[in-house]
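Chemist: I'd like to ask you about the structure that follows.
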Amino acid sequence: MSMQAAVDNDAERRRVEIRASLERSSLAFHELIGSLQEADLQVSRPGTWSVGEAAIHVVSSIEQTPALIRALRGGHDHLNLPLSVAEPIKRLYTWWAARGLTREVLLRRFDVAHRTVLALLDTLQADELGRGGHAYGEGYWTVEHSFHHQREHVEDHAQQIRRLLGRS
């Protein structure tokens with residue numbers, strides 16, 4: 001096998017792993033949101049997001065993934081503000097986006113964004129998985145890390161939602 005064929009095979013294996021991870025997180029998000037009542041979206045605790053805010057944050061993140069990947073593919077930073085600046089902006093945006101939110105809207109927006117991210121994954125070339133830049137004030141991210149981050153992000157906020165609802 002040629003060196004290029006080995007690189008291509010490895011990249012394809014990694015894309016398959018990423019796709020499986022994204023599909024699992026999609027199923028988990030659907031299961032969680034499907035288990036909620038509309039009133040559950042308003043549940044909150046002092047000092048943390050409401051269930052709806054945590055859920056829309058997950059959706060917004062996956063909606064932003066294509067812009068993140070485009071930047072990282074080109075070796076550029078993406079929304080790399082200091083956390084002291086970014087966090088209050090994120091909090092305000094999340095609060096605003098969660099107003100009047102329904103489970104149907106959450107799932108519809110998630111599904112559109114999820115399909116877009118999967119389609120983007122299919123366009124990646126072998127040499128692009130390791131490209132990167134600084135993102136979200138959290139250090140250096142590669143394209144591959146950004147895809148894996150979506151699964152981790154869904155899992156983290158799903159756990160947060162379960163805790164808010166007393167289900168953990």
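Laboratory data are not the source of any read-out in this text; all were calculated from the coordinates shown. Worth saying up front: this structure is predicted, and the values here are computed from it rather than measured. Neighbour counts are summed over all protein chains in view; Cβ atoms, including those assigned to glycine, are modelled from backbone coordinates with ideal geometry.
Chemist: Which residues among segment 10-44 fall inside the zone where the amide N is under 20 Å from a point 7 Å beyond the Cα of V105, along Cα→Cβ?
Modeler: Zone members listed by number: 29-44.
Chemist: Residue by residue through segment 123-136, what is 3J(HN,Hα) from phi via Karplus (6.51 cos²θ - 1.76 cosθ + 1.60, θ = phi - 60°)? Round to whole Hz and write x for glycine and proline.
Modeler: My calculation for segment 123-136 gives 8, 5, 8, 3, 7, 8, 4, x, 5, x, x, 7, 9, 6 Hz in order.
Chemist: Assign unit charges at the C-beta atoms only (+1 for Lys and Arg, -1 for Asp and Glu), then state the dipole size of segment 3-164 relative to its Cα centre in Debye, rounded to the nearest 20. Present the calculation step by step, with values, prior to reporting the outcome.
Modeler: Numbers: 19 positive and 22 negative charges, 79 e Å.
About 380 debye.
Chemist: In terms of modelled amide H atoms, which long-range or inter-chain residues lie less than 5 Å from the amide H of D77?
Modeler: Close amide H contacts, sequence-distant or interchain: H134.
Chemist: How far apart, in nm, are two points set 7 Å out from the Cα along the Cα-to-Cβ line at E155 and at S35?
Modeler: Here the modelled spin labels are 1.6 nm apart.
Chemist: Hey, what did the chain get for relative contact order, percent, Cα under 8 Å, at least 6 apart? Show your work: numbers first, answer last.
Modeler: Working: 177 pairs, mean separation 61.7, N = 168.
With pairs under 8 Å counted, the relative contact order is 37 percent.
Chemist: Related question: Work out how much length T123 to R162 would gain on full extension: take 0.36 nm times their residue separation and subtract the Cα-Cα distance, in nm to one decimal. All intermediate terms of the calculation are to be shown ahead of the outcome.
Modeler: Numbers: separation 39, 0.36 × 39 = 14.04 nm, distance 3.49 nm.
Fully extending the segment from T123 to R162 adds 10.6 nm.
Chemist: Can you find, among T142, A11, G34, the residue sitting farthest towards the positive end of the charge dipole of the chain, where Lys and Arg contribute +1 and Asp and Glu -1 at Cβ?
Modeler: Projecting each Cα onto the dipole axis, the largest value belongs to G34.
Chemist: For the chain, what is the calculated [θ] at 222 nm in deg cm²/dmol (nearest 500), taking -39500 (n - 2.57) for each run of four or more DSSP H residues and dividing by its residue count? Let's see the in-between values first.
Modeler: Working: 5 runs with 114 residues, N = 168.
Roughly -24000 deg cm²/dmol at 222 nm, from the helical runs in the chain.
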